1. All other residues with a Cβ under 15 Å from the Cβ of Ser117 taken together, and with Lys, Arg as +1 and Asp, Glu as -1, what is their net charge?
2. Identify which of Val26, Val119, Val73 has the largest mean-square fluctuation in a Gaussian network model of the chain, with springs joining Cα atoms closer than 10 Å.
3. Calculate what fraction, in whole %, of the accessible area of segment 2-148 sits on carbon and sulfur atoms when a 1.4 Å probe is rolled over the protein chains.
4. Once the Cα atoms of helix 83-97 and of the chain are each reduced to a long axis, what angle between those two axes, in degrees from 0 to 90 to the nearest 10, is obtained?
5. Over 22 Å apart: what share of the alpha carbon pairs of the chain falls there, rounded to a whole percent?
6. Out of Leu131, Leu13, Leu140, any idea which swings most in a Gaussian network model of the chain, alpha carbons joined below 10 Å?
7. With θ set to phi - 60° and the Karplus curve 6.51 cos²θ - 1.76 cosθ + 1.60, what are the ³J(HN,Hα) couplings of segment 3-9 in order, to the nearest whole Hz, using x for Gly and Pro?
8. Output the 0 to 90 degree angle, nearest 10, between the alpha-carbon long axis of helix 123-141 and the longest principal axis computed from the alpha carbons of the chain.
Amino acid sequence: MSALRELYQQVILDHNKSPRNYHPLVDPTRTVDGYNPLCGDHYKIYVKMDGDRIDDVSFTGTGCAISKASASVMSAMVKGKTREEVERIFNDFHALVTGSIDADKNLDRLGKLAAFSGVSEFPARVKCASLAWHTLHAALQGTGASVSTE
Ligand code: ZN
């Protein structure tokens, strides 16, 4: 395993063990449930908007290490961002986990997202890694109260 891969692994283990923003939000603008029946991942994402900006975001729920670490990294990255900025990060993440951009060559742009680059080699885990992002996306679009990967 390369040093970079080991670092990525550490980020995922750390966020799984000590997830950031892992609590319900008081007075959220929106909450959306996200399910990945294939793996059993189930999270609720809470978003508090201030106009077009995410004032606060948090999550609760359970699932595998990849899904929980991804929700944790996501919550830390999108807090304070506008819808447009979140959309850009979401697109980067999607490109990363589906293997259409090379993480090692885009580290500055990807930041902690790069930790999930290995997921592209495991198609079954792509849904685990993407679940929180799709759920957040639905919360920002206001398109419904729940999301399922199936
Ligand atoms: Zn999973």
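The values are calculated or read from the model by the stated rules, or taken from the named source; none is laboratory data. Keep in mind that this is a model prediction, so the values were computed, not measured. Note that we place each Cβ from the backbone using ideal geometry, even for glycine, and neighbour counts take in every protein chain shown. Only protein heavy atoms, including side chains, enter the accessible area calculation; ligands, DNA and RNA are left aside. Shrake-Rupley method; radii C 1.70, N 1.55, O 1.52, S 1.80 Å.
1. Details: positive: Arg5, Lys105, Arg109, Lys112, Arg125; negative: Glu6, Asp92, Asp102, Asp104, Asp108, Glu121.
Once positives and negatives cancel, what remains is -1.
2. Val26
3. So the carbon and sulfur contribution to the accessible surface is 51 percent.
4. Here the helix axis deviates by roughly 30 degrees.
5. 33
6. Leu13
7. Those phi angles translate into 4, 5, 4, 5, 5, 4, 4 Hz.
8. Relative to the chain, helix 123-141 is tipped by roughly 30 degrees.
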